[in-house]
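Remarks on the structure that follows.
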Amino acid sequence: MNKAIETLQARGFFNQCTDLEALSERMDKGPITFYVGCDPTGPSLHIGHMVPFFAFRHLLKFGHRGVALIGGGTGRIGDPSGKTEMRKLLDYSQIDANVESIKNQLDRFLGFDGEHALAANNKDWLENLNYIDFLRDIGSCFSVNRMLTFEEYRLRLERGLSFIEFNYQLLQAYDFYMLHQKYGMDLQIGGADQWGNITAGVDLIRRKMGGTTELNKEHEVYGLTFPLIMRADGKKMGKSEKGAVFLDPNLTSVFDFFQYWRNVPDADVRKFFLLFTFLEIPEIDEVCAGDINAAKERLAYEVTSVIHGKDEADRALSGARAAFSGEGDKSSMPTVELPRSDFEAGVNVCDLYFNSKLCATKSDARRLVQQGGASVNGKQVTDVKASFTVGDVDSDGEFVVKAGKKKFARIVLV
C-alpha cells in the first residue's frame, strides 16, 4: 500500500475509496493532484471542517499537490448533505466576504505557495454558466434514480428537498470535471457525507473523458472519504456548550478553543491526537500511556499551536494552569473589566456572575450559587445575597470567579 495512504489509514482518516488498489498504484508512480472543497456558509471554519485539511497537510508531506476549493459558486445554493432543512441563502456580497475570510484561515494553516498548495474558487466557472447548455452537456450525464439512492438525498426527501438543492450534486461533480482539466486533478477527498457528490464527479469525468478505457487511463480519477468524527460522549465533533468551536478567535476565544480540547472525553484523546496533531504515532502512544489529564493538556496545547500558533498556545496553557492549579500567569486567563465604582458599595454575587458573562441570566447565576457551583477567589459562595466590594479583591487586586469546574473569569476593576 502507498505510504501516504497507509499514514491516512493509521491515523483514522480512511472511510471509503472508489478504487483503493488503483489509487495506491497511481500514487506510487508519482505525486497526485487532489482537492478538498468547502462552502463559505459563514465567515469562519470550525474545527469539525478541518479533518480533510489535516489530511491535506499529510498528503503535502508526501510530495503530493493539493487545492483547497472554496465554493463561492456552490455556496450560493448550499450543500444539502448532512442537513435536515434547507440552508439560509446568503447575499452574494456576504458569500464573497466569507470566501476571503476562509481563504485567509486556510492560508495560515496550509501555506498557499501557488505550487504545492493552492486555493481556488468555483465561482470562477459557475457564476456565468448558461443553464440550458449546462443541462444539455452535464445534466444529461446524471440519472435521477441513481441520485435518489444516495442517503443525503433520500433522507432529505422525507423532510422536503428543494429543486435548487437537488442541483448541488451536479455542480460539485462539475467542479471535479473542471479541476481535472484545469489542474490535472485526479483525486477528491472529503468527509463521508460527501461520498455521493464525490462519486458523481468521478462518474462525470469518466463519461465526459473516457477514463474507463485503456486508451484514456490518464483521465482515471478517484474519490477518498474520511469518517465523520463524533465524540465518545455522543456530541458532534467541534460542538461545545457555547456552540461550534470556530477557528476565528473573535467567535471562539483562543482560551475557549484550548479548553475544548482539554475537556474532551478520555476515550477520545488518542483519536484526536492522531487526527488533529502532527505528532508521530509512537510519541502519541507514549503520551497517552501516561496520566490522562497531562495527555489532555498536551492535546489542547498541540492543537491550539497548530491552529493559532505557539505564542497563543503558551498563553492559553498559562491561563489554564493559573485558573486550575494556581500556577501560570493569571493575565492569560479570560478577563472581564468591570467599573471599580460599582464595587465601592458592593456587587451582588448573582450580578457578578452575570456581568462576568459566566451566566447567561441572573436566574442562571442564582441557581449556580444555590447548587454550590460558585466560587470567588477560591472560596465557595452559597448565599445568593452575598456581595463583594473593593476590599474583597485578591492579593493582585482582582477577582477570580469560577462557575463549576471548567468555566471561570478574571475580573479586573477599572
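The values are calculated or read from the model by the stated rules, or taken from the named source; none is laboratory data. What you see is a predicted model, and the numbers here were worked out from it, not measured in a lab. Counting neighbours? That spans all protein chains shown, and the Cβs are built from the backbone with ideal geometry, glycine included. All accessible areas refer to the heavy atoms of the entire protein, side chains included, with ligands and DNA or RNA removed. Shrake-Rupley method; radii C 1.70, N 1.55, O 1.52, S 1.80 Å.
Worth pointing out:
- Rounded to the nearest 5, the antiparallel percentage of DSSP beta bridges internal to the chain is 45%.
- Most to least packed among 249-259, 185-195 [average Cβ atoms within 10 Å]: 185-195, 249-259
- Within the accessible surface of region 265-361, defined with a 1.4 Å probe on protein heavy atoms only, the carbon and sulfur portion equals 48 percent.
- Nearest-0.05 FRET efficiency for ASP383 and LEU279, computed from C-beta distance (R0 51 Å): 0.60
- Cα-based Lys pair tally, region 307-380, threshold under 24 Å, eight or more apart or on separate chains: 5
- Judged by the mean number of other Cβ atoms found within 10 Å, the most tightly packed of the peptides 33-44, 355-366 leads the ranking 33-44, 355-366.
- If R0 is 41 Å, the Cβ-Cβ spacing of ARG231 and TYR183 corresponds to a FRET efficiency of close to 0.70.
- For ASN121, the residues whose amide H sits under 5 Å from its own are ILE70, ignoring neighbours fewer than 5 places away on the same chain, with H placed 1.01 Å from N.
- Using the Cβ of LEU8 as centre and a radius below 12 Å, the other residues enclosed give a net charge of +3, where K and R count +1 and D and E count -1.
- Three-way shape call for region 1-70 based on the alpha-carbon gyration tensor, with the a/c threshold at 1.5: prolate
- Amide H contacts of ALA403 (H built 1.01 Å from N, under 5 Å, at least 5 apart or other chain): PHE408
- Lys, Arg +1 and Asp, Glu -1 on Cβ, resulting dipole of region 1-109 about Cα centre, debye, nearest 20: 260 debye
- Gyration tensor verdict on region 1-121 (Cα atoms; rounded if a/c is under 1.5, prolate if a/b is larger than b/c, oblate otherwise): prolate
- The alpha carbon gyration tensor of region 263-371 gives principal lengths a ≥ b ≥ c with a/c of 1.5 or higher and a/b greater than b/c, which makes the shape prolate.
- Estimated FRET transfer efficiency when R0 is 51 angstrom, pair HIS116-ASP137 (beta carbons, to 0.05): 0.95
- Identified option (computed Rg and Dmax of the Cα atoms in Å; candidates (1) 21.5, 72; (2) 25.1, 86; (3) 26.1, 100): (2)
- Segment SER363..ASN130, full-extension length gain: 78.2 nm, with 0.36 nm per residue of separation and the alpha-carbon distance subtracted.
- The local environment of ASP351, defined by Cβ-Cβ distances under 11 Å, has a net charge of +1 under the rule Lys, Arg +1 and Asp, Glu -1.
- Applying the Karplus relation 6.51 cos²θ - 1.76 cosθ + 1.60 with θ = phi - 60° to region 223-229 yields 3J(HN,Hα) values of x, 9, 10, 10, x, 6, 8 Hz, where x marks Gly and Pro.
- For the chain: relative contact order, % (alpha-carbon pairs under 8 angstrom, 6 or more apart): 14 percent
- Between the listed residues TYR353, PHE109, ASN167, the Cα displaced farthest toward the positive end of the dipole of the chain, a dipole computed from Cβ unit charges relative to the Cα centre, is found at TYR353.
- Excluding ligands, DNA and RNA, the accessible surface per residue across the chain is 47 Å² with a 1.4 Å probe.
- Accessible surface of region 1-152, 1.4 Å probe, proportion on carbon and sulfur as whole %: 46 percent
- The amide H of LEU228, built 1.01 Å from its N in the peptide plane, has ALA192 as neighbours under 5 Å, considering only residues 5 or more places off or on other chains.
- Cα-based reach from LYS296 at 16 Å (exclusive), listing lysines while leaving out same-chain residues under 8 positions away: LYS271, LYS405, LYS406
- Within the shell of other residues whose beta carbon sits under 14 angstrom from the beta carbon of PRO227, the net charge comes to +2, with Lys and Arg scored +1 and Asp and Glu -1.
- Per-residue ³J(HN,Hα) for region 397-406, Karplus 6.51 cos²θ - 1.76 cosθ + 1.60, θ = phi - 60°, Hz, x for Gly and Pro: x, 9, 10, 10, 10, 10, 10, x, 8, 10
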